[in-house]
Amino acid sequence: MAESEKQYVLEITELGEARPSGRSDEIIIAVSPSFGVQQRETIVGLSHAIVVRELAAGVEEEGFHPRFIKYYNSSDLSSFANEAAKLSGSGISIGIQSKGTTMIHQRDLEPLDNLEIFPQAPLYDEEIYRMIGKNAARYGKGNTPEPVPTLNDQMALAKYQIKAALLHIKETELVVSKKPPVDLELHIKEVVG
C-alpha cells in the first residue's frame, strides 16, 4: 500500500498541566483546542497524525526532543505559540492550528512577532511540516537557519477562505479561557482500510 493510501489515526492522552521545562534540547509543539479531536485533518485533508509525525521527525533529525502541549485558552496562533515558547526549555515552539496554519516562535518575542509563519495551510504537505520541525530545532540550537521556503498562491487563499473561517469558528467554540495548557502523549496508529 502506498504511503498516500494509508490512513492514520492520532490518539491523544492528556497528561496534566504543562509546566516550564529545563530541558534545553526541547521544542514544544503546541496544538490548538480542537486539534486531533473535533478536527482531525488540515484544511486540505492531511491527517493531523501525519502532521505531528512530520513535525516531530524534523525536530528529532536535528537532535532535539519534541514535547506536545494542547492549549485550550486561545485559538489565536500567535498567542498560544508565544505562551508555548515560554514553557519550552529551548525557548522555541511550533504552534499549529487545526486547519494547518503553523508558526515557529521564540520566548523573548512579542506574541505578534515570530521567527517564521506559515499562513497558507492549503499549500503544505508532509515535506514542509518536516522542514518546519527541523528549522525549529535549528533555532533551538542558537542557529539562524534559512527560512523554510514558503509557497504563495493567491487562488488558494480565495478557494479556502470561507472554509478557513468556518474551521476557525469551530476551533474557537472549544476555547476555555481559564483552562491551563496540558502536556500530551500522542500515539499514531495505522488504520487498515
Using Cα-only point scatterers and the Debye equation, what is log10 of I(q)/I(0) for the stretch 5-117 at each q in 0.16, 0.19 Å⁻¹, rounded to two decimals?
-> -0.67, -0.96
per DSSP, antiparallel bridges as share of beta bridges in the stretch 24-84, % nearest 5, sits at 10 percent
Sites matching GluC sites (Glu not before Pro) across the stretch 3-96 that sit in DSSP coil, with at most 15 neighbouring C-beta atoms within 10 Å = none
Within a Gaussian network of the chain (alpha carbon springs, distance under 10 Å), most fluctuating of Gln97, Gln106, Gln161 = Gln161
Whole-Å distance linking the alpha carbon centroid of the stretch 7-57 with that of the stretch 143-192 is 10 Å
Where both partners of a DSSP beta bridge lie in the chain, what percent of those bridges are antiparallel, to the nearest 5?
-> 65 percent
Show which aspartates and glutamates lie in cross-link reach of Lys6 when reach means a straight Cα distance below 12 angstrom and same-chain residues fewer than eight apart are skipped.
-> Glu190
Please give the net charge around Arg107, taking every other residue with its beta carbon less than 10 angstrom from that of Arg107, where Lys and Arg add +1 and Asp and Glu add -1.
-> -1
Kirkwood-based shape ratio for the chain, expressed as Rg/Rh from alpha carbons = 0.94
Square roots of five times the C-alpha gyration tensor eigenvalues of the stretch 80-183, ordered largest first and given in whole Å, equal 23, 20, 10
Under a Gaussian network model of the chain whose springs join Cα atoms within less than 10 Å, the largest fluctuation of Ser98, Ser74, Ser177 belongs to Ser177
Reachable lysines from Lys163, Cα under 17 Å, same-chain residues fewer than 8 places away excluded?
-> Lys99
Using a Förster distance of 25 angstrom, determine the FRET efficiency expected from the C-beta separation of Lys141 and Glu14, and round it to 0.05.
-> 0.25
Using DSSP to define loop residues, name the trypsin sites (Lys or Arg not before Pro) in the stretch 1-89 whose beta-carbon has at most 15 other beta-carbon atoms within 10 Å.
-> Lys6, Arg23
Please give the FRET efficiency for Asp153 paired with Ser21, using the beta carbon to beta carbon distance and R0 = 35 Å, rounded to the nearest 0.05.
-> 0.40
The stretch 114-153: C-alpha gyration tensor shape, a/c 1.5 cut-off, then a/b vs b/c = prolate
Using the membrane-span-like helix rule (whole DSSP H runs, Cα extent along the own axis of at least 27 Å, mean Kyte-Doolittle hydropathy at least -0.5), which helices of the chain qualify?
-> 154-173
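We did not get these values from a lab; they are worked out from the coordinates using the rules stated. Since the structure is predicted, the reported quantities are computational estimates derived from the model, not experimental observations. Reconstructed Cβ throughout: ideal geometry from the backbone, glycine too, with neighbour counts over all protein chains shown.
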